[in-house]
Structures are given as C-alpha cells and as structure tokens.
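Report on one structure; see the data block that follows.
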Amino acid sequence: MSSLWHQLEPLLPQASKPARYIGGEDGMQTPRHGPGIVSWLLTYPDTYEIGLPNQGLQILYEILNERPDAAAERAYAPWIDLEALMRSEGLPLFSLDTHRPAALFDVIAFNLSAELTYTNVLNCIDLAQVAVRAEGRGDTDPLIGAGGHCTSNPEPLADFLDFAVLGDGEEAVGDITEVVGDWKGSGRPGGRAGVLRALARVPGVYVPSMYRAVYRSGRLVAVEPRHSDVPAVVEKRTVADLADWPYPKRQLVPLTEVVHDRLNVEVFRGCTRGCRFCQAGMITRPVRERPAEQVRTMVSEGLRRTGYDEVALTSLSTADFSGIEQVVADTVNGAGCSQVSVSLPSLRVDAFTVGIAAQIQRARRTGLTFAPEAGTWRMRQVINKLITNDDLYSAVESAYSQGWRRMKLYFLTGLPTETDADTLGIAELARNCVALGRSHVRSPSVTVSVGGFVPKPFTPFQWFGQNTVAELRRKIGLLRDDLRRAKGVQLKWHDPAASLAEGLASRGDRRLGAVIEHVWRRGGTFQEWSEHFDLGRWQAAASACGIDIDGHVHRHRRADEVLAWDHLSAGLHKDFLWQDWQDALHEVGLEDCRWTPCYDCGACTGYGIEHVVASAVPPAGGSQGTGMDTARGGEVPVRLLERKPEAQSGRTLVGASA
Amino acid sequence: MSRRRLRARFSKHGKVRFTSHRDVARIWERSLRRARVPVAYSAGFSPRPKIAFGLALPTGYSSDAEYLDVEVDPAWEAGIDDGTLVGALTASLPTGMTALAAAELAGGEPSLQHAVTSCTWRIDAAAASAREVSEAVSRAMDSSELLVQRERKGRLSTDDIRPAVHAVEVQPNINDGVRLIAELATQPRAARPGELLASLRVPLTLLRACRLHQWIATDAGERREPLAVAELSVAGAGVAP
C-alpha cells in the first residue's frame, strides 16, 4: 500500500489546522494509477488555504483525470509545524487525494502564481525527496514542471525545473502526458535527457536544460538552444475558445476554511484594457469570452452541486463581459429558495458597475473595492488606466448613495515618471471620496491600500528600473504624513522590502537560481507571509552569490538589451511593447482594441485567433479606456447589447457611438 | 408565529474528524442547502442561517453523538420525520459524516448547549500497564478531589474535576494500551477526556477519543439523549474510528 496516511495520522494532532492535510473534499477525484498511466502531482507551493481555490490547478486536475492515460492528485506546501514533524519522521511530501508519496508520481507540476513562492517550490521538491537541482535527477525521478503566470519568465527557476508550460495549460498537459507515456512505454529511450528533448518539441513547453545562457561582461547576451530541433523561441499556448473548456465541472469544496471560499466561474480570459503595469492583462490576450448560456449553466449547476451561497464571476474585468447584467440578474433570480450573492472580484471604476453591484449585494452589503491604481490623471495616462477623477467620484458617490459606507481603493506607487505630486494625488482622491460620502452616510470610510510597483516581463514596463526600498518608503511616508489627520481615511501599504525580493525574482535571469536556493537553504520558506519574510536573507544571498541587486532590479533596461525572457513569447511583439513604453513616457493613452482598430500587439495575429466578444459595443460606463465619450454616472442607460459571437465581431469598428 | 425546529444527530469518523467545530458548521450550512432543507435566516444587515450546534467536539476526536438544531421555514412541506431526510442529509455530507436521526423539536425545548449535562466518551490511550491504569482509576473514583492544571489567558489555574467525573470503566483489551469508557459532565465545570487522563497521574498518552453519547439529566434523576432512543435509527453508530 502506497498511502502514507497511517504515518501521517499520528502527527496531525500536533499540527495546526490538521484539516488541510486530509483531502476528502467534494469534487475529489479517484485517481487510477498503474501501467500505461502517467501520474501527475499538481502542487501549489503555498498553504492549502491559499492553494485549494486556484482555478488553474483545479481545471488541469479534472482534465487529466478525464484522460484514460493520466491520473492527477494534488499537494500543497505543509505549514512549518507539520513540515518539522515530517522531516523528523522522514515522511515525504504527499498527495491529499490518496496520501501517496510525491516521488512515486511521474510528474510533479507546480502552479507559479507569485514569485515569492519560489523558495517553497524548492522546499516542496526537497520534501518530495527528489534532488532540488534538475541536473541531480535520475531516469526514474519525477519530472518537475511548472505552469501559471510566473512561467512567462521561469529563468530564476531554470536550475530546478525540468520543464515549464507557457500560457494556457488545458491542451499542453495532454500533449505532455502523451510524450511521457510514450517514453515510459517504450523503455525510457535516451534516459531523462531523451524525454526532456521530446518535451522541448511540444508547443508551449520550455525545457531550460535544452538552452544555454551566454553572458558577457556580467550581462546576459543570449539564451540559445543547444540542439537544432529545439525551438529558438518558445511560444505560449492559447486555447481558442473557452466554450470548449467548461472547467472546473466539479469544483472542489473544501472541508476547512480557505480564501475565496465560494463557487468561481470564469467568464472570460484575457484583457485588452491595456493597463501597462498589468502582466496578467498582457500575457493572456486575446480576450475569449465564455458564452453567456454556458456561464448560466455552470453557475446554476455549480450552486446546486456545491451548496455554496456565493458565486464569483471571475475575469480580469468582469463588468466588461458582454451581457453581464442579464447573467447577474439570472443568477440572483434563479437561485431558488436560498439566498445567493454574486461577487465580481475585479470591479471597474464607474457608476454602471456600482449599479450591478447594488443589484447583487442585496443580501450582504459589505464593502466595495475599486482600483484606480494612480492618484492623478497624468499618472493614469502613463499607466494606461484611463479613468478620470470624475469616473472615480461618480462611482464612489453612486456607491454611497446606494448605502455603502466603506470603500477600499487600491493604488500603486513607484510607477514610471511618478512625481511627489502624483503620489500625493492618492491622498487627495481619498479625501475627496470621504467628503462625497458625508452627504450620504454618517461616517463614510475609505481604506487606501498602496503597493510598491514591481515591473513584470512582457509588459511595456519591463524596461523600467523599479524604485528602491528607500524610495518606496519615502513615498509611503509622504502619504502617511499627508493623511495623518484625514478623518475617515485609513492607509495600508505593502512592505516595500517584499517588493524588492519580488522584483529580483520577477525579471531575474538564471543566475537568480543560486540566490533562491541560498535563501531556501537558510530557512526562507513562506516568503509571501510577512511574518516569515526577511529581506536581510535575500540581500545576504545576493551578496554571497555575487548578484548585483541594483543591476537586476533598479536599473532601467536599454532598448537593445537582451532580456532574460527574450527566448520566450507571450505573443506580444517586442517592438509593440517598446512603442507602448515610449507612449507611456509621453503620457499617451491607448484605447481598448476590442472596440477600436488593432494595434498589432501580436497576440491575435500570431496565433491566428481573434478576440471572442459577444458585443461589438463597448459597455456603458465612464471613459474606461474605450476612448468613447460615453456618458457617465447614474444617467447612463445601463443596458447592454447582447450579440452572438461572430468571427469578426471583436474587430468591428463602432464609430457611431463615439 | 410558530418556530419550526429540526434536530439532527450525526456521527463523525475517519479523516474528516480533523475538521474543526467551525469547519463542521460550514459543512452543515452547505449540506443543508444541497439537501434542499429550507433553513430560516436571521433578519438584518448580514443574514445568517439559523443553525445551532451543541458542545464543540475537539478537533481530531470522532463521535457517534453530534447534534445540531436547525430552524426551518414553517411552510416546509416535506416531512421531517420522513426517513428520506436522514438519507438525503447523509448523501450531502462528506465521507465520514453520517446523519443518524432527525426529528422535529417540540416547542420550548431548550438549546443543546443548555440542555446537555454529560457525555460518554471512549478514550484509547497508550499505557505501559493496564493494571496500573485500573488502579489509578479506582483511586481517582475513591478520592474526593481530582486536581488538574489548566491554562487560561496565559495563567495556570488548578481545578478540581472530581465532581465532573461521573463514571469510568477500564477495558484493558486494545493493542497498545487501555480503553476507558467515561461519563464526564459538561456543566457547571466540564471535564475533558484529556483532563481525565492527566488527573490519573500515571503515564498515559491519548491516542483516540470518541464521543459515544450526549446526555440530558431529567428532573426525575434519569438521563436521556437529545434525540430519544425511540426516534433513533442508529445504523451507522458504533463504527470504529
């Protein structure tokens, strides 16, 4: 019997929150292991509470288990107390589904959603009792893979990963299963190098060991394939139509508390708002909407099956979904006897959105969150978040007038060209929002949450030198001083020290691997958790490994410079990104290409697919990057046109409504 | 306006016993919705389903005798006593949790928290010598006080749990130690299985504990279960942990 349950069970009474190690969730699959089966351990390198709701992992879990030639189970990073017990008992990392030792799987695949989890990736490989460095693994050791947004630059983990999947994983996991299955079935020809060579030929699969990094005078000058049959540039995978992938069909319902503990239905993937700081919006293009009818079915069946009373319609900007109003109304009204609330995690800043929110939060009206991201219109043109102050004020006024008392506003600081006037504009906006609230409710409150900006690969800001910790602290200090006596405004901020470590891992090249390993070997796990984060450990590691932090993080990169991820592609042309970077520096905004002509960013043309958008008309609301002078505030006709998706609909010009 | 309340008894065994009391509350909220039981909600800003649980079962313990009271829509047509409800609830609960019985509560029945006065526990503990444990239990039952230390708000205090220990039986026949069947009071001062073991002052390590019964003391000096035996269909009761 390969289950570790009976060894784990006596340890659990000594572990905090033991329910996160038991599995048994509704929706758990019954994996079939055996000959001819490629087994996957899908691993989230943070705690169960954070990792369980991850939609990417759940989607692949179902897709793999539906295949006759694959079996998938799940693992999460054990918390520090259980890890210590496991290490003292010699117990390896295990799956939750059948408590199978991790090393018995053919593939251990990590979801990389955040750079600060990288040290946990190393820790999980080590706990699996597999060599942490890829070069130390033998023919029968599991293949260590990764997917998720951070694989757009997997170079800092290049020494530890056997492969990384770029882009959507739905189709790639099947291709990988077939390659690994064939290799195993035919006696592992060529050993480990043989299967890696074959994997490197799968579209969207990047095998770091098949590439050589070349440095000159301390600078990366090339990352080159070692073999002629290995692609010089690895393109990401993109599924053309979400309607073909109605997953998860059986969302996992955890037995213990997790974040986002609700039904989640993805309504579209991709975003063309074009916010220049937003990596997710850039690398997931083009926009692919799920048909409204399928959304309705997934919502109603999901609620009935799970027993949840809350559903989130997820995407990068859900109010942009064609026909969002009707879908929301159907959900709220079609729920039957029990009360269902709907949440829209990424609210657009306009009164129209607030109108939808009022409709759906009838049951439990807690707080509203908006993300203006920057304090002045000038700054928002730079970052291409084209909402005017009036857009924000009308949204906030509309919310207060409909009974909300608490508002949360998200901002970034340390943005390109940011001046102190821009930073202080954040405080100004917050104060004005509270003032607006006073005419509607007794004690309005606005929470301002400020994060230090970290430039990400495949964005126009990938060339920008991140602000230093000292500079970010100074800017937060400006806001603290300015808001010290502002009634009703609470200021919260993200630790600038953590932003530095994130920046190091985000745009680093392969030399960062040594730093990550150094931090991990000195106990630096769970770096996403502020109580475990220690910048000193990262600085010591960088200095021990001879890594110049300034050069990697704070330096502006040049146009002709080789970037660590230049041999990978998220579909975006590098010259498009550079032009967008120049536009940013000139404070030129760029309209949403769903409703305006194509800028040839490369995402559609490169993959021969189109935006799949059911409405050719931009949604009502504020200016919102559409470039349209749509009326704003409560007076907008909150009615959307719903159309059948047509091949060209995403491209249709709508000059009439401008 | 008459309130209509449903009381259900359920067991908790196996892996799912590592869920906490709060986890179990959330599990029940979802399971009742899945079983299409029309739970009543509180009024106000943040409506909550009207579900009341009895005494918390410590995380990691199993049980044959967990209870909850649910206020339901008075207009609910489906019969509460109908055997199909128990089956529907079990089908909606996770593996390891089984609905054992359900019945409509008479008006004025006090809450579980107030009504329950003692519990019967099956406690398996690792021990060097079963005889030594038997002797320690005899001594404990003969003595007038049983002192245990407990930490409260960071301060140690000493409590006498003897009044809360109603009965203890020792069964020396498990593999690696002893099995105690103990009836421990839940009020005014509750005694927990771990405290009973500590009070015996012999080397004992708790391995497994299972709540077998909850009891309500009657005015007549007798005891009854929150769901009377006649209404019980304890098919799943007594399952080994």
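Throughout, read-outs are computed from the coordinates displayed, never taken from laboratory work. Note that this is a predicted model, so its numbers are computed, not measured. When we count neighbours, we look across all protein chains shown, and the Cβ atoms used for this are built from the backbone with ideal geometry, even at glycine.
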Checklist entry - Among the lysines, which have Cα under 26 Å from the Cα of A:Lys249 when same-chain residues fewer than 8 positions away are ignored? => result A:Lys236, A:Lys644, B:Lys15
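What's the magnitude of the charge dipole for the range B:4-109 around its Cα centre, counting Lys and Arg as +1 and Asp and Glu as -1 at the beta-carbon? Answer in Debye, nearest 20. Let's see the in-between values first.
Working: 15 positive and 12 negative charges, 102 e Å.
The dipole magnitude comes to about 500 debye.
Counting only other chains, and only Cβ atoms inside 10 Å, what mean value do you get across the residues of B:18-29? Write down the numbers at each step before the final one.
Values: counts 13, 10, 6, 0, 2, 6, 3, 0, 7, 6, 1, 4.
Counting Cβ atoms of other protein chains within 10 Å of each residue's Cβ and averaging gives 5.
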Checklist outcome for this item: Taking only Cα atoms of the range A:199-348, the Rg to Rh ratio with Kirkwood Rh works out at 1.12
Item to check | Tilt relative to chain A, helix A:469-483 - C-alpha long axis, 0 to 90 degrees, to 10 | outcome: 30 degrees
Checklist entry - Using the alpha-carbon centroid of each, what span in Å lies between the range B:1-15 and the range B:96-123? => result 8 Å
Checklist outcome for this item: Which residues qualify? For A:Ser343, with a placed amide H closer than 5 Å and at least 5 residues away or on another chain, they are A:Val311, A:Ala312, A:Leu313
Item to check | chain A, relative contact order in percent, only Cα pairs under 8 angstrom and at least six apart counted | outcome: 14 percent
Checklist entry - What is the sum of charges around A:Ala71, taking Lys and Arg as +1, Asp and Glu as -1, for the other residues whose C-beta is under 15 Å from the C-beta of A:Ala71? => result -2
Item to check | Global form of the range A:1-155, assessed from the alpha-carbon gyration tensor, a/c cut-off 1.5 | outcome: rounded
Item to check | Residue (of B:Leu57, A:Thr256, A:Ile549) at the positive-pole extreme of the protein assembly as shown, dipole from beta-carbon charges | outcome: B:Leu57
Item to check | For chain A, calculated [θ]222 nm from helices alone, where every DSSP H run of n ≥ 4 adds -39500 (n - 2.57) | outcome: -9000 deg cm²/dmol
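With the Cα gyration tensor of the range A:372-523 in hand, convert its eigenvalues to equivalent ellipsoid semi-axes via √(5λ) and list them largest first in whole Å.
Those come to 33, 17, 13 Å.
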Checklist entry - Going 7 Å from the Cα of A:Ala421 in the Cα-to-Cβ direction, what parts of the range A:570-585 have a backbone nitrogen less than 19 Å from that spot? => result A:584-585
Checklist outcome for this item: Classified through the alpha carbon gyration tensor (a ≥ b ≥ c as square roots of its eigenvalues; rounded if a/c is under 1.5, else prolate when a/b is larger than b/c, else oblate), the range B:116-224 comes out oblate
Next on the checklist: Using the Cα centre of the protein assembly as shown as the reference point, and only Cβ charges (+1 on K/R, -1 on D/E), how large is the resulting charge dipole? Debye, rounded to the nearest 20.
Outcome noted: 1480 debye
Next on the checklist: For chain A, compute the orientation-averaged projected area of the C-alpha convex hull (one quarter of its surface), in nm².
Outcome noted: 28.4 nm²
Checklist outcome for this item: For chain A, longest principal axis from Cα atoms; helix A:420-438 axis from its Cα atoms; angle between them, nearest 10 degrees, is 60 degrees
Item to check | Cα-based reach from B:Lys153 at 25 Å (exclusive), listing lysines while leaving out same-chain residues under 8 positions away | outcome: A:Lys17
Item to check | Projected label distance in nm at B:Met141 and A:Glu531, using a 7 Å step from Cα toward the beta-carbon | outcome: 4.4 nm
Next on the checklist: Cut-off under 12 Å on the C-alpha distance; same-chain residues fewer than 8 positions from B:Lys12 excluded. Which aspartates and glutamates are left, in chain and number order?
Outcome noted: B:Asp64, B:Glu66
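Counting other C-beta atoms within 10 Å, and keeping those with at most 10, which DSSP coil trypsin sites (Lys or Arg not before Pro) do you find in the range B:123-181? The partial results should precede the final answer.
Working: sites: B:Arg131, B:Arg139, B:Arg150, B:Arg152, B:Lys153, B:Arg155, B:Arg179; in loops: B:Lys153.
Counting only loop positions with at most 10 other Cβ atoms within 10 Å, the trypsin sites (Lys or Arg not before Pro) in the range B:123-181 are B:Lys153.
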